[in-house]
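J.: My questions will all concern the structure given below.
The values are calculated or read from the model by the stated rules, or taken from the named source; none is laboratory data. Bear in mind that the values here come from a model prediction, so they are computed numbers and not experimental data. Methodologically, a virtual Cβ is constructed for each residue, glycine included, from the backbone with ideal geometry; neighbour enumeration extends over all protein chains shown.
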Amino acid sequence: MSDDRQTAHVHENEAPPYSERKIESLEDLSYIMRGMDEDEGIRIVGQVNNFKNGGFIFVAKSGNRYCINICDRDLDPSNKTYFVGGNDIWLYFDTFEEAWQKLKPLVAKPIDAYSY
């Protein structure tokens with residue numbers, strides 16, 4: 001084998017092990033949430049009272065139930081980035097409509113959300 005050939009096998013079209021997509025609107029959020037699989041999730045910046053900086057909101061689906069997790073959104077002053085804090089609450093809903101009615105007023109405007 002010549003020196004200029006790599007010994008590792010690389011797949012050029014492999015997806016990165018973790019990828020996320022920006023959600024641009026409430027309509028987009030609704031569409032993605034309605035069609036979620038169990039291995040997908042959504043992270044949203046909230047405007048939720050009693051949670052630091054409005055909180056982070058995570059949406060997941062297990063079986064046919066939706067789970068909404070709200071937690072503090074703490075700021076790391078050294079690099080000015082937000083990270084997941086404590087103060088968790090977990091809410092469960094049997095239908096998309098119930099989960100959506102709870103979630104929609106908690107989403108910060110303009111929307112700052114990602115699906116993964």
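J.: So which pairs qualify, if the first residue must be in segment 53-65 and at negative phi and at pLDDT 95 or above, the second must be among the hydroxyl-bearing types (Ser, Thr, Tyr) and assigned to a loop (DSSP other than H, G, I, E, B), the Cβ gap must be under 9 Å, and the two must be at least 6 apart or on different chains?
T.: Cβ pairs passing all conditions: ARG65/THR95.
J.: Any residue at all in segment 61-70 that's closer than 18 Å to LYS22 by Cα and among the hydroxyl-bearing types (Ser, Thr, Tyr)?
T.: No, the conditions are met nowhere in segment 61-70.
J.: If ASN87 passes every condition in (1) assigned to a helix (DSSP H, G or I); (2) more than 14 Å from the chain's Cα centre (by Cα) but one, which one does it miss?
T.: Condition (1) is where ASN87 drops out.
J.: May I ask you to say which residue of TYR82, TYR31 is in a strand (DSSP E or B), hydroxyl-bearing (Ser, Thr, Tyr) and at pLDDT 95 or above?
T.: Unique residue meeting the criteria: TYR82.
J.: Which one of the conditions (1) among the charged types (D, E, K, R); (2) in a strand (DSSP E or B); (3) closer than 14 Å to SER115 by Cα does ASP74 fail to meet, given that it meets all the rest?
T.: All conditions are met except number (3).
J.: Any residue at all in segment 90-112 that is acidic (Asp, Glu), part of a strand (DSSP E or B) and within 15 Å of ILE44 (Cα to Cα)?
T.: No, segment 90-112 contains no residue that is acidic (Asp, Glu), part of a strand (DSSP E or B) and within 15 Å of ILE44 (Cα to Cα).
J.: On to the next question. Exactly one of (1) in a loop (DSSP other than H, G, I, E, B); (2) out of contact with any Leu (no Cβ under 6 Å at 6 or more places or on another chain) is unmet by VAL48. Its number?
T.: Here VAL48 clears every test but (2).
J.: Got at least one residue in segment 96-108 being touching a residue at least 60 places away in the same chain (Cβ under 8 Å) and farther than 14 Å from MET33 by Cβ?
T.: Scanning segment 96-108, I find at least one residue that is touching a residue at least 60 places away in the same chain (Cβ under 8 Å) and farther than 14 Å from MET33 by Cβ, so the answer is yes.
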